[in-house]
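The values are calculated or read from the model by the stated rules, or taken from the named source; none is laboratory data. Worth saying up front: this structure is predicted, and the values here are computed from it rather than measured. Ideal geometry is used to build each Cβ from the backbone, glycine not excepted, and the neighbour counts take in all protein chains shown.
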């Protein structure tokens, strides 16, 4: 079904002009006009491990949290800050089935990771089967498909699976989020020596992504890079 919806949306976009989702100006075949696209809040000056904003603008140093409690992933690249209007775009994508936004998110993330170490394959963040049925699509998978195609990297969703349908992370404080993710993922593959790029739409506390990275490392992965569309600030 997502493939059919995407095909229909792409066909309509290629033939009919439309208005920008953010400002309403004419945007041609694009969901967002050039001015709004250029004005999106890019993510910079961040911890290279977890992408938390740096206290010193222009300086990318490993943050105190990552020094004291090193995560299971090795680095994080985020294209955008999860602030207005990025939050509205992602919410429209996830909850209102604006699937065409996956291409925009994929392009933004592609440009952000070009200079990063090249992984062996791309793994979209797994969704539990029950959550997948409820939503109808895996938002990370749709973004990862565009990245896989444009970066010429294998898309390997089979590397890990979500085995526990955990409570929504948004309803929990940060300490509870870590406990909530214990045992949530499984990996039966032999990943010895591999570098895996784990793709998701939003990173908040990082607990979910860290739990997934942990099982990849246990399966032998030498490196796990996080590629996320947006990094939320602590108050999110």
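If the condition is being modelled with pLDDT of 50 or more and surrounded by 16 or more Cβ atoms within 10 Å (Cβ to Cβ), then segment 7-36 contributes 20, 21, 22, 27, 30, 31, 32, 33, 36. Somewhere in segment 158-172, is a residue under 29 Å from residue 21 (Cβ atoms), surrounded by fewer than 22 Cβ atoms within 10 Å (Cβ to Cβ), modelled with pLDDT of 95 or more and within 16 Å of the chain's Cα centre (by Cα)? No, the conditions are met nowhere in segment 158-172. Residues of segment 89-107 that are more than 19 Å from residue 33 (Cβ to Cβ) and not in a helix (DSSP H, G or I): 96, 97, 99. For segment 76-89, filtering for residues that are out of contact with any helix residue (DSSP H, G or I) (no Cβ under 8 Å at 6 or more places or on another chain) and more than 14 Å from residue 53 (Cα to Cα) leaves 4. Among the residues that make up segment 72-85, is at least one of them out of contact with any strand residue (DSSP E or B) (no Cβ under 9 Å at 6 or more places or on another chain) and free of Cβ contacts under 8 Å to residues at least 24 places away in the same chain? Yes, segment 72-85 contains a residue that is out of contact with any strand residue (DSSP E or B) (no Cβ under 9 Å at 6 or more places or on another chain) and free of Cβ contacts under 8 Å to residues at least 24 places away in the same chain. Might you let me know whether segment 174-181 holds any residue that is at pLDDT below 95 and over 26 Å from residue 65 (Cβ atoms)? No, that holds for no residue. When you scan segment 121-136, do you find a residue that is free of Cβ contacts under 8 Å to residues at least 24 places away in the same chain and surrounded by 16 or more Cβ atoms within 10 Å (Cβ to Cβ), even just one? No, because not a single residue in segment 121-136 is free of Cβ contacts under 8 Å to residues at least 24 places away in the same chain and surrounded by 16 or more Cβ atoms within 10 Å (Cβ to Cβ).
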